[in-house]
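Below is one structure; the comments refer to it alone.
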Amino acid sequence: QVQLEESGGGLVQAGDSLELSCSASGLNFVWRGMAWFRQAPDKEREYVAGISGSGRNTNYADFVKGRVTIARDNAKETVYLLMNILKPEDAAVYYCAAGSDITSYTSLSQYPYWGQGTQVTVSS
């Protein structure tokens with residue numbers, strides 16, 4: 001019943017910008033904290049950014065601070081990840097996740113709902 005679907009991934013070159021979207025359905029979106037995770041082929045899945053239900057609180061992993069912005073449009077039940085100055089190290093499958101309205105949550109186990117992922121490839 002709950003569905004999260006990412007879109008916007010693709011092939012970009014280093015230094016470019018990219019915006020990912022995650023459309024949600026089947027949950028009370030405004031009451032859910034949302035987050036983005038990513039997983040490269042040679043790494044474990046890692047936290048990228050999170051946002052509270054109201055959008056007033058955000059949280060970012062250190063490796064993306066200054067380059068990434070997480071935002072949400074509750075009327076559209078959509079969360080976004082805006083990535084700037086992309087690096088080859090950013091290449092990964094990016095996953096959207098929904099959980100409790102707590103932005104300090106950064107672990108996979110703290111998010112019950114997940115999308116299927118969208119792939120981002122960065123060339124140099």
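The values are calculated or read from the model by the stated rules, or taken from the named source; none is laboratory data. All values derive from a computational prediction rather than experimental measurement. Neighbour counts run over all protein chains shown; Cβ positions are idealised from the backbone, glycine included. Side chains included, ligands, DNA and RNA excluded: accessible areas come from the protein's heavy atoms. Shrake-Rupley method; radii C 1.70, N 1.55, O 1.52, S 1.80 Å.
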Accessible surface, the chain, averaged per residue in Å² (probe 1.4 Å): 52
Accessible carbon and sulfur surface of the chain relative to its total accessible area, %, 1.4 Å: 44
Total charge dipole magnitude, region 30-124, about the Cα centre, Cβ charges on Lys, Arg, Asp, Glu only, Debye to nearest 20: 180
Hz values of 3J(HN,Hα) by residue in region 33-49 - Karplus curve (6.51, -1.76, 1.60), Gly and Pro given as x: x, 10, 8, 10, 10, 9, 9, 8, x, 9, 9, 7, 5, 10, 6, 10, 6
Partners for Lys87 among lysines (Cα-Cα distance below 25 Å; same-chain residues under 8 apart left out): Lys43, Lys65
Per-selection Rg to Rh, region 5-55 - Cα, Kirkwood hydrodynamic radius: 1.02
³J(HN,Hα), Karplus 6.51/-1.76/1.60, whole Hz, each residue of region 82-92, x for Gly, Pro: 9, 10, 10, 6, 5, 10, x, 5, 7, 4, 5
Relative contact order computed over region 9-107 (Cα-Cα under 8 Å; 6+ residues apart), in percent: 39
Cβ charges +1 (Lys, Arg) and -1 (Asp, Glu), total dipole of region 1-58, debye: 260
FRET efficiency, 1/(1 + (r/R0)^6) with R0 41 Å, evaluated for Ser124 and Val2 via beta carbons: 0.65
Calculated from backbone phi, Karplus (6.51, -1.76, 1.60) coupling profile of region 9-21 in Hz, x at Gly/Pro: x, x, 9, 9, 9, 3, x, 7, 10, 8, 10, 9, 10
Mean Cβ neighbour count within 10 Å, used as a protection proxy, ranking 97-104, 33-40, 60-67 highest first: 33-40, 97-104, 60-67
Geometric extent, Cα atoms of the chain - Rg, Dmax (angstrom): 13.3, 41
